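The values are calculated or read from the model by the stated rules, or taken from the named source; none is laboratory data. Since this is a predicted model, take the numbers as computed values, not measurements. Reconstructed Cβ throughout: ideal geometry from the backbone, glycine too, with neighbour counts over all protein chains shown.
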Amino acid sequence: MKSTKREKPYFYKKLKMLAAENDLKDADIAKIAGMAYSTYSDKKRGKIRWFDDEMYRICKHFSRSIYGLFWPEDSQTRTG
């Protein structure tokens with residue numbers, strides 16, 4: 001029986017691009033987020049959930065919005 005490959009979460013590619021743009025490794029971003037590399041790796045792959053403070057630390061460090069990095073821009077709730 002063949003194993004089915006899971007689709008990577010939206011933020012996987014975004015975090016990978018962010019690291020490349022800043023010449024950083026996953027271990028560096030894990031440190032910024034305040035977690036072990038193995039935990040970051042699991043979160044990036046969607047195996048375990050992100051907590052608000054972890055996403056906040058990454059977004060604040062890189063001056064990015066949580067929308068567009070962890071969720072698509074069009075998922076942002078709009079009023080009016």
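List of remarks:
- ILE29 meets the conditions (1) under 13 Å from the mean Cα position of the chain (by Cα); (2) modelled with pLDDT of 95 or more; (3) surrounded by fewer than 15 Cβ atoms within 10 Å (Cβ to Cβ) in every case but one. The failed one is (3).
- Subset of the range 11-22 that is surrounded by 15 or more Cβ atoms within 10 Å (Cβ to Cβ) and within 8 Å of the chain's Cα centre (by Cα) - its residue that is nearest to ARG57 (Cα to Cα): LEU15
- Filtered residues of the range 32-49 (kept if surrounded by fewer than 17 Cβ atoms within 10 Å (Cβ to Cβ) and part of a loop (DSSP other than H, G, I, E, B)): GLY34, ALA36, ARG45, GLY46, LYS47, ILE48, ARG49
- Residue among ARG57, ARG64 that alone is of a type in the set (D, E, K, R), modelled with pLDDT under 95 and surrounded by 11 or more Cβ atoms within 10 Å (Cβ to Cβ): ARG64
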